[in-house]
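Asker: Here you go, one structure.
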Amino acid sequence: MVLYEQTKIYKVVCRITGQIYVSHTTKKYLSQRLSYHLSKFKQYREGLGVFNPVYRIIHNGNYYIELIEIVDCDSKEEVLMRQNYLIASMDCLNKQAMFADNCLTR
């Protein structure tokens, strides 16, 4: 069972383009979540898995992960409400992905 106390809302930022991707994790360290994204990106490049907007940033190879805030929530729905509020207030890939062609050349 996942506990949503101390959930981290974070952003991955491209140092080249300034593009931002926002998400959350219940992992203890943001580096664990970034490693997960990198692993999934590698699988995607090998023809496995589905596209995630964060791959547009990882693909450039010059990025960092940064904590936005820590939230204490009782459910994933609460976390997503806060995350979606932050996404709505930012110019980030999460919003752009709803209207764009979500793929990269594998």
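Asker: Can you give the angle from 0 to 90° between the axis of helix 30-45 and the longest principal axis of the chain, with both taken from C-alpha atoms, to the nearest 10?
Answerer: 30 degrees
Asker: Calculate the all-directions average of the projected area of the chain's alpha-carbon convex hull, and give it in nm².
Answerer: In nm², the orientation-averaged hull projection of the chain is 6.9.
Asker: For helix 76-88, report the angle its Cα long axis makes with the longest principal axis of the Cα atoms of the chain; keep it between 0 and 90° and round to the nearest 10°.
Answerer: Here the helix axis deviates by roughly 60 degrees.
Asker: Which of the listed residues, SER75, SER35, THR7, is farthest toward the dipole's positive end in the chain, when Lys, Arg count +1 and Asp, Glu count -1 at the beta-carbon?
Answerer: SER35
Asker: Modelling each spin label as a point 7 Å along the Cα-to-Cβ direction, I'd like the VAL2/LEU80 distance in nm, to one decimal.
Answerer: 1.0 nm
Asker: Sticking with this one: Can you give the charge dipole size of the chain about its Cα centre, rounded to the nearest 20 debye, using +1 on the beta carbon of Lys and Arg and -1 on the beta carbon of Asp and Glu?
Answerer: My answer is approximately 500 debye.
Asker: If the cut-off is a Cα-Cα distance under 18 Å, which lysines reach LYS8, setting aside same-chain residues fewer than 8 apart in sequence?
Answerer: Output for LYS8: LYS27, LYS28, LYS76.
Laboratory data are not the source of any read-out in this text; all were calculated from the coordinates shown. In this text the structure is predicted, and so the values were computed from the model without any measurement. Glycine also receives a Cβ, built like all others from the backbone with ideal geometry; neighbour counts cover every protein chain displayed.
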